[in-house]
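These notes are about the structure you will find just below.
Any read-out appearing in this document is the output of simple, stated calculations on the displayed coordinates, not a laboratory observation. This is a predicted model, so every value here is computed, not measured. Here Cβ is always computed from backbone atoms with ideal geometry, including for glycine, and neighbour counts include all displayed protein chains.
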Amino acid sequence: MMAEQTLIRCAVIGQPIAHSKSPPIHQAFARQFGLQHDYQKIDCAPEQFAATVQQFFADGGRGLSVTLPHKPAALALAAQASDRAQLAGAANTLGVDSNGAIWADNTDGIGLVRDLARLGIGVKGQRVLVLGAGGAAAGILPALQAEQPAALALFNRTPANAVPLLKRFAGVQLATAADAPYSLVISTVSSGAAAMLATLPLQAGGSGYDLNYGERAEPALTAMRALGLSGCHDGRGMLIEQAAVAFARWHGLTPDTAPLHAGGF
Ligand code: NDP
């Protein structure tokens, strides 16, 4: 007789959280391996974050995906953090080691780069423009830099908010209207991308990517296309790829993301 599998508990924690697409993605991965897997959404106010996370792991939870506004706090409460989480100053993935110590990782950057590769968009040698200077921008900059773009520039509505990132990532510039055209534009702003793009030099036929997905990506993608970019994509694929890296860290199993990109969640 086969031993009964223990239920593995994971969750995504944020506020707001109702919109999160992480549960169906992780459940689809778990089905690939026949894991008995429960993946819930946890709505959590900032002041409750540390206690909620500690209780989740004390109760035997395996892994937490972390989203707005908790990513910097997630890094701060972990006993150990990956280099990419430390570089980003934020974590989107938490787990526990065999001693019960909480570790932190940031899979946003690798998720983006893997999705760009899947879409046939190389970063190496491109002039890359990142819109926004929040947590998502911090998460993707180290991964983009590692791909050796010809230039990597930031543009933010509030220039002062970009200063910490410019200090942290040597070689990243503030984009201006006088720059040579950018061939790959990545928007991380929650809104307002269209107005920003209209002021910046873009290379006709270049590529665009918005970390938002579905309807929320439409204004940025429409503006990118109107300004001459031809390969433009939303952030759904990044969401799948960053989740796959987190899943592999928690369970030691590498899921096949292809069925999910094909619409299977
Ligand atoms: P933050 O709140 O940390 O940053 C928001 C950024 O958006 C800031 O640069 C802010 O500029 C800018 N912004 C907000 N409103 C406007 C506006 N009206 N006009 C111009 N700029 C504006 O959010 P995150 O960086 O954590 O996340 C950004 C987005 O990326 C979210 O929508 C999130 O859902 C998405 N995301 C998607 C992922 C995926 O896997 N696809 C992964 C991670 C994030 P300012 O400094 O001037 O306020």
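Brief remarks follow.
- Partners for K21 among aspartates and glutamates (Cα-Cα distance below 16 Å; same-chain residues under 8 apart left out): D38, D43, D108, E215, D234, E241
- Full-stretch length increase - L7, A51 - with 0.36 nm per residue and alpha-carbon distance subtracted: 13.6 nm
- Farthest toward positive dipole pole in the range 132-265 [+1 Lys/Arg, -1 Asp/Glu at C-beta], among L166, V245, L202: L166
- Cα centroid separation - the range 54-108 against the range 122-154, whole Å: 23
- By DSSP, the beta bridges lying fully in the chain are antiparallel in about 20 percent of cases.
- Close amide H contacts of L227 (hydrogens built in the peptide plane, cut-off under 5 Å, sequence separation of 5 or more or a different chain): none are found.
- Proxy reagent accessibility, fewest Cβ within 10 Å first, across I240, I42: I42, I240
- Full-stretch length increase - A258, R225 - with 0.36 nm per residue and alpha-carbon distance subtracted: 9.3 nm
- Per-residue ellipticity at 222 nm from helix content only, as computed over the chain with -39500 (n - 2.57) for each DSSP H run of at least four residues, stands at -11000 deg cm²/dmol.
- Ordered by the number of other Cβ atoms lying within 10 Å of each residue's own Cβ, fewest first, K41, K21, K124 fall into the sequence K124, K21, K41.
- Estimated FRET transfer efficiency when R0 is 35 angstrom, pair D43-T158 (beta carbons, to 0.05): 0.80
- Gyration tensor verdict on the range 74-171 (Cα atoms; rounded if a/c is under 1.5, prolate if a/b is larger than b/c, oblate otherwise): oblate
- Per-residue HN-Hα couplings for the range 222-238 [Karplus 6.51, -1.76, 1.60; θ = phi - 60°; Hz; x = Gly/Pro]: 5, 5, 4, 5, 5, 8, x, 6, 10, x, 10, 9, 8, x, 4, x, 5
- The chain: most fluctuating residue of P24, P164, P255 per GNM, C-alpha cutoff 10 Å: P164
- Positive-end extreme of charge dipole, the range 1-138 - chosen from N106, G132, F33 (charges on Cβ): G132
- Per-residue ³J(HN,Hα) for the range 183-190, Karplus 6.51 cos²θ - 1.76 cosθ + 1.60, θ = phi - 60°, Hz, x for Gly and Pro: 9, 9, 10, 10, 9, 10, 7, 6
- Using θ = phi - 60° and Karplus 6.51 cos²θ - 1.76 cosθ + 1.60, couplings along the range 89-106 (whole Hz; Gly, Pro as x): x, 7, 10, 10, 9, 10, x, 10, 8, 5, 8, x, 7, 7, 10, 10, 9, 10
- Inter-site label distance for Q32 and A178 at 7 Å from Cα along Cβ, in nm: 4.9
- Gyration tensor (alpha-carbon) shape descriptor, the range 1-125, a/c threshold 1.5: oblate
- Residues whose amide H falls under 5 Å from that of A175, counting only those 5 or more places apart or on a different chain, are L154, F155, with hydrogens built in the peptide plane.
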